[in-house]
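Quick notes on the structure that follows.
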């Protein structure tokens, strides 16, 4: 019996999408002892994505106001066999792929904990009549090159992650080249931290109200912990660090550090405090 093309079963979609990226940030790929563990492959739930990438949860919009240009969006369709774009600090398409991968991994971890889908916090305008002051937000927007500056933040008004880039200070330490561009969108810790702010806002919107210092401190501590704990989800990193510390994770290790490249580029130790990555 001959089966017509219209009767041919369609090929089922894969369960996972594999995308290459950094376990920490580009700086660790320049060091002999960490280069082999820093470049990893993120495994995130499969979804149909438009160029951007634009999916069910997030929309990457790569407009650089400082340069007044839109960067061509990455199209992940057709890149499945190569696990996406190769890690490359100079390639905006890789930047877009990386923020999508880290954000989606963070969302997946939250959904596994919640046992339900993530729904973003609605936009609020209390000047409108009762019943009309909340607007549904379908996707969180991510701007990989939102501004020139040593900062990154979640905007509850725009429902967006705004990630900056900046030249490293003359006193930059470690493997960071003084004057070289540092992209916060290429730091796993910074992207995961900001995504955690958006996720916490979707659960407890009032926690962003600056009614007292404890609320703001909780937001920052919560986002830091999310970024730190995700280090433990990378098997090759975990195995390497257990070997390095001889199993004593109370000693200093990569697992307990945040935003190292940012800290080296600014001459400070990477720590997020009240909306700015600073010491």
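Confirm whether residue 74 is surrounded by fewer than 20 Cβ atoms within 10 Å (Cβ to Cβ) and at pLDDT 95 or above.
Here the answer is no, as residue 74 does not meet what is asked.
Answer yes or no: is there a residue in the range 177-189 that is in a helix (DSSP H, G or I), within 17 Å of the chain's Cα centre (by Cα), at pLDDT below 90 and under 23 Å from residue 94 (Cα atoms).
Looking for residues that are in a helix (DSSP H, G or I), within 17 Å of the chain's Cα centre (by Cα), at pLDDT below 90 and under 23 Å from residue 94 (Cα atoms), one finds none in the range 177-189, hence no.
Here is a list: 255, 228, 199. Which entry is assigned to a helix (DSSP H, G or I), out of contact with any strand residue (DSSP E or B) (no Cβ under 7 Å at 6 or more places or on another chain), at pLDDT 90 or above and more than 30 Å from residue 125 (Cα to Cα)?
That would be 228, the only listed residue that is assigned to a helix (DSSP H, G or I), out of contact with any strand residue (DSSP E or B) (no Cβ under 7 Å at 6 or more places or on another chain), at pLDDT 90 or above and more than 30 Å from residue 125 (Cα to Cα).
Take residue 154 and decide whether it is touching a helix residue (DSSP H, G or I) at 6+ places or on another chain (Cβ under 7 Å) and within 20 Å of residue 26 (Cα to Cα).
Taking the combined requirement at face value, the residue does not satisfy it.
Of the numbered conditions (1) part of a helix (DSSP H, G or I); (2) touching a helix residue (DSSP H, G or I) at 6+ places or on another chain (Cβ under 8 Å); (3) over 25 Å from residue 12 (Cβ atoms), residue 107 satisfies every one except a single condition; which is it?
(3)
On the basis of being in contact with a strand residue (DSSP E or B) (Cβ under 6 Å, 6 or more places away or on another chain) and modelled with pLDDT under 85, does residue 171 make the cut?
Judged against the criteria, residue 171 is not a match.
Return the pairs, sorted by first residue and then second, in which the second residue is part of a helix (DSSP H, G or I), the first residue lies in the range 241-265 and is free of Cβ contacts under 8 Å to residues at least 12 places away in the same chain, the beta carbons are less than 7 Å apart, and the residues are 6+ apart or on different chains.
These pairs meet every condition: 249/255.
Among the residues of the range 110-126 satisfying the criterion of being exposed (fewer than 14 other Cβ atoms within 10 Å of the Cβ) and in a loop (DSSP other than H, G, I, E, B), which is modelled with the lowest pLDDT?
Taking the candidates together, the pick is 126.
The values are calculated or read from the model by the stated rules, or taken from the named source; none is laboratory data. These figures come from a predicted structure and were not determined experimentally. All Cβ positions, even for glycine, are placed from backbone atoms using ideal geometry, and neighbour counts span all protein chains on display.
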